[in-house]
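Presented below is the structure to which this report refers.
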Amino acid sequence: MPKLTVDGVELEVPVGATVLQACELAGKEIPRFCYHERLSIAGNCRMCLVEVKPGPPKPQASCALPAAEGQEIRTDSEMVKKAREGVMEFLLINHPLDCPICDQGGECDLQDQSIAYGKGASRYHENKRAVTEKYMGPIVKTVMTRCIQCTRCVRFAEEVAGVPEIGAIYRGENMQITTYLEHAAKSELSGNVVDLCPVGALTSRPYAFEARPWELKKTFAIDVMDALGTNIRLDSRGRQVLRALPRVNDDVNEEWASDKTRHHVDALVRRRLDKPYVRKRGKLKEATWDEAFAAVAKAAKDAGKSVACVSGDMVDCETMYAARELVKSLGGTMFEGRQTGLAYDVSSLSAVNFNSTIAGAETADVILLVGTNLRWEAPLINTRIRKAIKKGAKVFAIGPEVDLTYKVEWLGNDASLLAKLPQAVLDAFKDAERPMMICGGGILAKDGAHGDTLALVETLGLIKDGWNGYNILHFAAARMGGLMLGYAVDGGIKAIAAKKPKLLFSLAADEVDYSAFGDSFKVFVGHHGDAGAHAADVILPGASYAEKHGTYVNLEGRVQRGEKAVFAPGDAREDWSIFRALSQVLGKALPFDTFEQLRAKMVADVPALGTEGLTDYGWSAPKLPTGASGEFGSPIKDYYLTNAICRASPTMQRCSAELLHGEDFAEAAE
């Protein structure tokens, strides 16, 4: 390891480190615009200049200079100070004085660094250069006159998202960043360029002119748009969530978030259920809580023990536990969370888990994808696979061909291929040190496919010391938590429908085919007026994930907790409190009065839910039927409209219309 000195302090740095990284190890702050830890080095903003001896008698860009034995680095000399002031002066030559109206104001790298390292005055008196605005779609708003050509957005689009649709045209002073032919950015990760932009050139279109960062209350939460469990921060003002931003968690989402995660929040105030409703003479009528509870109590009395509960895809563990305890107290035994009709075996949770872990996916060397469109089912696992490929991994796939942004050897779309894999695949897995198979929603929906993939565990050598390469890819945030709480019956929701329960509790389950429950009295506890509310006999308005504390378990079995950002609208209440109050009316009072007591009771029943972090399910592969055949279908028909919140979001509706269905949206003249 090279030894060097930074401002007189001697230290050792890892082989391959840059001078910038060495300075940071020494506790020195180095300003930068183009350098980013997760992107390749560009070395074009020159803000990170330092003085290095031995070397030429001039400041050098620390981000692109390898650290070497015996270097003497100065970050605070007069030469460095003067050089940084000069660079900042050049960067601000053409930058407009937009700070009062710029959405980046208050959290802008250019503002912060110009105050810390700038000269405080400009000697430039010529006309500033202006750049025409570029159209990048419904997510990203551009003011390209502010651009300093750091190229972070270009590198992110190419290296992380894998959709090289942002680039530079012209040269020198005339250089401009744009999407080619100015079409909308079609990546499902395009919103991340807004966070990456160190100036206000790329900002969030849905959030434009909404708020200033110092006005917002910041709350740590867990995203429920997919099963990844992205760590997010909800920024709210008053009773409205105005934006969602990713938090850094290297084990889950690194520091990225999908566009769906970022921009569904405008739906949290739209199409909301904010009053109880009771169906009278075929029509839902507004009611008081007492009237709604009385209607449920009458139905419960008539139902006896014929009670069932179906959970939706975005429900927290505490809500599912409270509902389970209430239904059990009524004598009900039917619980299901796989609302679209899936009925796969859950006797072993390890056999339906993402065992390689999300971070582990990038270390695999041979990968087989089965019945999955990773870009839609888990965009941030797709970025991990891209990393694995950069390290030399080879990817095979069975299923409908889609553009996954990297080279894939497609074997065909027939489930029977699982029983007779080509020799080239078997040879590749035979030599692999960390082989991995990812099975998407397509295999869980096809008879025999789950058993076929489990049979391949031994054939492909997926289990090794310290490595489990068998992975099931869920895309519902509530799935693993629901399975841990027993929300699964043999035969799935069709088996429950066949028993014709007289009373059905629906926990924000909007994807259920309610025509199968025509004779049931349906009580919908949810937050958006979607399919579930339309089918209900009683609606009890609940809280969305942003309006309550909650525990969520992601697809790799990682237990995470989100906090309450805002209050639910109108008469809506937190779901657990609805079940507690209803239990009192039914004469079956649940044994908790506060959320803390509920969580403690849940953890006592399911200890794994009490510790944040990965759950150890062990490993056991049940013997399941095999012999699947026929084509795999995609369980996701429209990436941007997969749940009730997305369907209520104007931004998600426009993304669907423009990016997936090709509709044109004319820009208003300014």
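The values are calculated or read from the model by the stated rules, or taken from the named source; none is laboratory data. Computed from a predicted model, the values in this text were never measured in an experiment. Cβ sites come from the backbone with ideal geometry, for glycine too, and all protein chains shown count toward neighbours. Ligands, DNA and RNA are excluded from the accessible area calculation, which covers all protein heavy atoms including side chains. Shrake-Rupley method; radii C 1.70, N 1.55, O 1.52, S 1.80 Å.
Just a few scattered comments:
- So ALA244, is it in contact with a helix residue (DSSP H, G or I) (Cβ under 8 Å, 6 or more places away or on another chain), within 23 Å of ILE358 (Cβ to Cβ) and without any contact (Cβ under 8 Å) to a residue 24 or more places away in the chain: yes
- Pair list, Cβ under 6 Å, 6 or more apart: segment 124-135 residue at negative phi, other residue among the polar types (S, T, N, Q): LYS128/ASN94; ARG129/ASN94; ALA130/THR145; VAL131/THR145; VAL131/GLN176; GLU133/THR142; LYS134/THR142; LYS134/THR178
- Residues in segment 151-208 that are more than 20 Å from the chain's Cα centre (by Cα) and of a type in the set (Lys, Arg) were compared, and the one that is farthest from ASN382 (Cα to Cα) is ARG171.
- Look at (1) under 17 Å from ALA388 (Cβ atoms); (2) surrounded by fewer than 17 Cβ atoms within 10 Å (Cβ to Cβ) and you find that GLN423 fails only one, number (1).
- Flag if THR261 is in a strand (DSSP E or B) and either at positive phi or surrounded by 16 or more Cβ atoms within 10 Å (Cβ to Cβ) (or both): no
- Filtered residues of segment 506-534 (kept if surrounded by fewer than 24 Cβ atoms within 10 Å (Cβ to Cβ) and part of a helix (DSSP H, G or I)): TYR514, SER515, ALA516, PHE517, ALA531, ALA533, HIS534
- Positions within segment 464-481 being in contact with a helix residue (DSSP H, G or I) (Cβ under 6 Å, 6 or more places away or on another chain) and not aromatic (Phe, Trp, Tyr), in sequence order: ILE472, LEU473, GLY481
- Of the strands (runs of 3 or more DSSP E) that lie entirely inside segment 1-79, those containing 2 or more residues that are open to solvent by 80 Å² or more (accessible area, probe 1.4 Å) and more than 27 Å from LYS119 (Cβ to Cβ) span 9-12.
- The residue that is most open to solvent (accessible area, probe 1.4 Å), counting only those in segment 392-417 that are under 25 Å from the mean Cα position of the chain (by Cα) and acidic (Asp, Glu), is GLU401.
- Among (1) part of a loop (DSSP other than H, G, I, E, B); (2) of a type outside the set (D, E, K, R); (3) free of Cβ contacts under 8 Å to residues at least 24 places away in the same chain - the single one GLN597 does not satisfy: (1)
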